[in-house]
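A short write-up of the structure that comes next.
All of the numbers you see were taken from the coordinates with simple rules; none came from a lab. No experiment lies behind these values; they were computed from the predicted model shown. We place every Cβ from the backbone using ideal geometry, glycine too, and count neighbours over all the protein chains shown.
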Amino acid sequence: MAVSLYMDHHVPKAITTALRLRGVDVVTAYEDGADQLDDAQLLQRAHELKRPLFTQDDDLLEEAAKCHQAGRAFSGIIYAHQLRVTIGVCVQDLEIIAKSADGKDMENQVIFLPL
């Protein structure tokens, strides 16, 4: 029942590294060769991989709204504001989500950190 995460290319490496040390399956946009994609394409790529996208980019919230309005599915977005949520809180909350959530429950949802 674990969820595998997809990390936006703006996410600090410390978050990805800490999650991997905790046994969370994480792929970054950079590792996937998707770091040059625009927001719509990045969200689509995460959906293709069946991984919710973790981001700190406000523009992706707008993209999720566009998907909802157009009836396009996406694998979910987990959002944390860059200045209001610490790296430690991001790691804690993302680990909880990854280890306890069901990917189907996250589809077409936007989850805001902190939990």
> For labels at residue 115 and residue 49 in the simple 7 Å Cα→Cβ model, what's the distance in nm?
Replying inline: 2.2
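To the nearest 500 deg cm²/dmol, what mean residue ellipticity at 222 nm is calculated for the chain from DSSP H runs of n ≥ 4 alone, each contributing -39,500 (n - 2.57), summed and divided by the residues?
Values: 5 runs with 49 residues, N = 115.
The helix-only estimate for the chain comes to -12500 deg cm²/dmol at 222 nm.
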>> If you fit an axis through the alpha-carbon atoms of helix 59-70 and take the longest principal axis of the Cα set of the chain, what angle between them do you get, 0 to 90°, nearest 10?
In response: 40
> Each residue of the range 97-110 in turn: what ³J(HN,Hα) in whole Hz from Karplus with 6.51, -1.76, 1.60 and θ = phi - 60°, glycine and Pro shown as x?
Replying inline: 4, 4, 8, 10, 8, 10, x, 5, 5, 8, 4, 6, 10, 10
> Percentage of Cα-Cα pair distances in the range 5-113 greater than 19 Å, rounded to whole percent?
Replying inline: 37
> Using 1/(1 + (r/R0)^6) with R0 = 22 angstrom and r between the beta carbons of residue 35 and residue 73, what's the FRET efficiency to the nearest 0.05?
Replying inline: 0.40
> For residue 99, which aspartates and glutamates qualify as cross-link partners when the Cα separation must be under 20 Å and same-chain residues fewer than eight apart are set aside?
Replying inline: 8, 25, 107
> Whole-Hz Karplus ³J(HN,Hα) for the range 35-48, in order, using 6.51 cos²θ - 1.76 cosθ + 1.60 and θ = phi - 60°, x for Gly and Pro?
Replying inline: 6, 9, 6, 6, 4, 4, 5, 5, 5, 5, 4, 4, 5, 4
>> Sort 90, 67 by Cβ crowding within 10 Å, fewest neighbours at the top.
In response: 67, 90
> Using modelled amide H (1.01 Å from N, peptide plane; none on Pro or chain starts), what sits under 5 Å from the amide H of residue 7, excluding residues fewer than 5 places away?
Replying inline: 27, 28, 29, 54
>> I'd like the Karplus ³J(HN,Hα) series for the range 76-89: coefficients 6.51, -1.76, 1.60, θ = phi - 60°, whole numbers in Hz, and an x wherever there's a Gly or Pro.
In response: x, 10, 10, 10, 9, 5, 4, 9, 10, 10, 6, 4, x, 5
